[in-house]
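Visitor: Provided herewith is a single structure, encoded as structure tokens, for subsequent inquiry.
The values are calculated or read from the model by the stated rules, or taken from the named source; none is laboratory data. Because the structure is a prediction, the values reported are computed rather than measured. Ideal geometry is used to build each Cβ from the backbone, glycine not excepted, and the neighbour counts take in all protein chains shown. All accessible areas refer to the heavy atoms of the entire protein, side chains included, with ligands and DNA or RNA removed. Shrake-Rupley method; radii C 1.70, N 1.55, O 1.52, S 1.80 Å.
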Amino acid sequence: MSEPFVSNDPATKADQEKEKPKKFQTLRGFQDLLPADHDLYTLIKKSVRHRGRQSGFRRITTPTMEETGVFERGLGESTDVVSKEMFTMESRSGKLMTLKPEATAGIVRAYIEHGMQTLPQPVQLYSIEPQFRYDRPQKGRYRQFHQYDFEVLGERDPSIDAQIIHMSWKILQDLGIEDRLDIQINTLGTPIVRKKYTEALKDFFYDKKQHLSADSQKRLETNPLRILDSKDEDDQILVSMAPKMKDFMDEESTKFYEAVKSYLKELKVPFYENESLVRGLDYYCDTVFEVWDRSLGSQNAVGGGGRYDGLGTVLGSPNPIPAFGCAFGVERVMGHMKDSGIETPNKDGVQVFVAQLGEEAKKKAIKIATELRDMGIHAVGGMGKSSMKAQLKMADKRNAPWAIILGEVEVREEIAILRNMKLGKQHKVEMKDLYKEILSLVGKENLDTYSLGE
Ligand code: HAM
């Protein structure tokens, strides 16, 4: 065999350096969810499914991409999400397609497309999906993030609003983070009320425009309601003098909002009323709510939602689809769980490590490992070419409490060596008794059995 060519010529060395394969990293604002994150994520998903199922929700998955119009029309062209944050691309045939920035518009599109208005109403759907917003990345704000989302479509009843807020609070309680959070609620009134109030805000701010921040000056043209939740201090002073939504509410809106609040009190959901809460998407009317980090306020809300009775018609439904829903940011919820040191039950640990030496032993080892798995035991091993010492070291590193050791002799004599990894003690077991003994050591209550019927 010829020796590999290594040049000492500096120019050639630099060329070789250049040809080194590039080391890739995640894109800015995108992140890997590593196994430790999944311990938290699994807990979140469990609570979402459990609370959702208890309340009659079924799961839906809409495509990751939709025709751009679904979001452009659905969320409103002047919203930050649509005007600045969408990942939009052109298909080969020239159609504009967008990675979903939120779940609601796609779910409403699906409700209309699949004729769900013929089902018993309301239709209750939930989803847990990645979402994409081309935002400026910072802590708690990513370009790909995940939302769990609940939507109740086809019914206008304040009890729905209250029940969903209650259920989302229950999930945060399940996850042990409710002490760090506050619920803020407000009403935007019916679409007519909202329109009248928006006009009044425009009139009020018009001759004070030069005192508003640059962002709010833009909002005055595109979406005056958003001036109300500006973080700018001077804007806030003007906002405190601006007309109040409550003076524009009609009887229907007022009654609806009062009912939502009284149901929330009945359900013992703690909340703060906040007249400046307007939400960043255009489709809301009547009840809106957000769940805030108690120490940070409106910044990095963990979730929010509200009523959106007008969205169905905006997305082409011949009949109105009254609806209420909310979404929570998984990464932000996980952040709170991490900060408050929530311990997650980790059921991923290895219970038995199977170590082997020799080809015959390896065959036996993989059979044992797979049969243990069928019994519901987490069994790893029967792989690699390492020495027995290295395999036992690996068993130690994986924190396996028990190891089965097999060599050619053991296979021939139909026995196995069972090692207590903590004590470093081991004894021989006849192969026919091995599973019974392991089962009693692991304990029936610790078996990981799952049947599709469950
Ligand atoms: P949203 O307030 O835009 O509402 O988003 C809901 C939650 O998603 C936020 O409170 C936050 O936790 C999370 N989130 C949003 N953007 C990011 C980001 N860039 N990075 C990390 N987390 C983020 C909606 O999306 C509505 N569709 C909620 C809804 C459902 N309304 C009615 N039904």
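Visitor: Considering only the range 313-454, what is the antiparallel percent among its DSSP beta bridges, to the nearest 5?
Guide: Values: 10 of 18 bridges.
In the range 313-454, approximately 55 percent of DSSP beta bridges are antiparallel ones.
Visitor: Indicate the gyration tensor shape class of the range 163-310 (rounded, prolate or oblate), computed on the Cα atoms with a ≥ b ≥ c the square roots of the eigenvalues: a/c under 1.5 is rounded; otherwise a/b larger than b/c is prolate and the rest oblate.
Guide: On the way: a/c = 2.38, a/b = 1.45, b/c = 1.63.
Here the range 163-310 falls in the oblate category.
Visitor: Compute from the Cα atoms of the range 44-118 the Rg and the Dmax, the latter being the longest Cα-Cα distance, and quote both in angstrom.
Guide: Calculated on Cα positions, Rg and Dmax stand at 14.8, 44 Å.
Visitor: Okay, moving on. Please compute the length gained on full extension between Glu437 and Thr370, using 0.36 nm multiplied by the number of residues separating them and subtracting their Cα-Cα distance.
Guide: Numbers: separation 67, 0.36 × 67 = 24.12 nm, distance 1.66 nm.
Full-extension gain reported as 22.5 nm.
Visitor: If you don't mind, there's one more thing I want to ask. According to the square roots a ≥ b ≥ c of the eigenvalues of the Cα gyration tensor, what is the shape class of the range 244-320, taking rounded for a/c under 1.5, prolate for a/b larger than b/c otherwise, and oblate for the remainder? The partial results should precede the final answer.
Guide: Values: a/c = 1.79, a/b = 1.29, b/c = 1.38.
Note, shape of the range 244-320 comes out oblate.
Visitor: Probe radius 1.4 Å, ligands and nucleic acids ignored: give me the carbon and sulfur share of the accessible area of the chain as a rounded percent. Please report the intermediate quantities before stating the final value.
Guide: Details: 12850 of 25100 Å².
The computed percentage sits at 51.
Visitor: Sticking with this structure for a sec: Using the Kirkwood radius over Cα pairs, work out the Stokes-Einstein diffusion coefficient for the chain at 4 °C and 1.567 mPa s, in µm²/s as a whole number. Numbers along the way, then the final one.
Guide: Details: Rh = 26.3 Å.
Here the translational diffusion coefficient equals 49 µm²/s.
Visitor: Next question. Residues of the range 195-213 with the amide nitrogen closer than 20 Å to a label point 7 Å from the Cα of Asp250, along Cα-to-Cβ, please.
Guide: Output list for this probe position: 195-202.
Visitor: Report the extension gain between Lys393 and Ile417 in nm, rounded to one decimal, defined as 0.36 nm multiplied by the number of residues separating them, less their alpha carbon distance.
Guide: Details: separation 24, 0.36 × 24 = 8.64 nm, distance 1.61 nm.
Full extension of this stretch gives 7.0 nm more.
Visitor: Once the range 65-220 is represented by equal point scatterers at the alpha-carbon sites, with solvent omitted, what log10 I(q)/I(0) does the Debye formula produce at q = 0.10, 0.19 Å⁻¹?
Guide: -0.53, -1.42
Visitor: Also: Could you grab the relative contact order for the chain? Cα pairs under 8 Å, six or more apart, rounded to a whole percent. Before the final figure, lay out the partial values.
Guide: Values: 711 pairs, mean separation 64.6, N = 454.
Once divided by the residue count of the chain, the mean separation gives 14 percent.
Visitor: Mind ranking 78-84, 90-96, 316-322 by how tightly packed they are, going by the mean number of other C-beta atoms within 10 angstrom, highest first? Show your work: numbers first, answer last.
Guide: Details: 78-84: 17.4, 90-96: 8.6, 316-322: 15.1.
Ranking the peptides 78-84, 90-96, 316-322 by packing returns 78-84, 316-322, 90-96.
Visitor: Could you give the Stokes-Einstein D for the range 262-373 in µm² per second, using the C-alpha Kirkwood radius, 10 °C, 1.306 mPa s?
Guide: Details: Rh = 19.3 Å.
D = 82 µm²/s.
Visitor: Ignoring ligands, DNA and RNA, what accessible area per residue does the chain give at 1.4 Å, in Å²?
Guide: Working: 25100 Å² over 454 residues.
On a per-residue basis, the chain sits at 55 Å².
Visitor: So what does the Cα-only Debye profile of the range 25-83 read at q = 0.24 Å⁻¹, as log10 I(q)/I(0), no solvent term?
Guide: -0.94
Visitor: Using a Förster distance of 35 angstrom, determine the FRET efficiency expected from the C-beta separation of Leu27 and Gln299, and round it to 0.05.
Guide: Working: r = 24 Å, r/R0 = 0.69.
With a Förster radius of 35 Å, E is 0.90.
Visitor: A further question on this structure: Roughly speaking, what is the stretch gain from Tyr272 to Gln426, that is 0.36 nm per residue apart minus the C-alpha to C-alpha distance, in nm to one decimal?
Guide: On the way: separation 154, 0.36 × 154 = 55.44 nm, distance 6.22 nm.
Net length gain for the segment: 49.2 nm.
Visitor: What distance in nm lies between label points placed 7 Å from Cα along the C-beta direction at Gln144 and Asp232?
Guide: Here the modelled spin labels are 3.5 nm apart.
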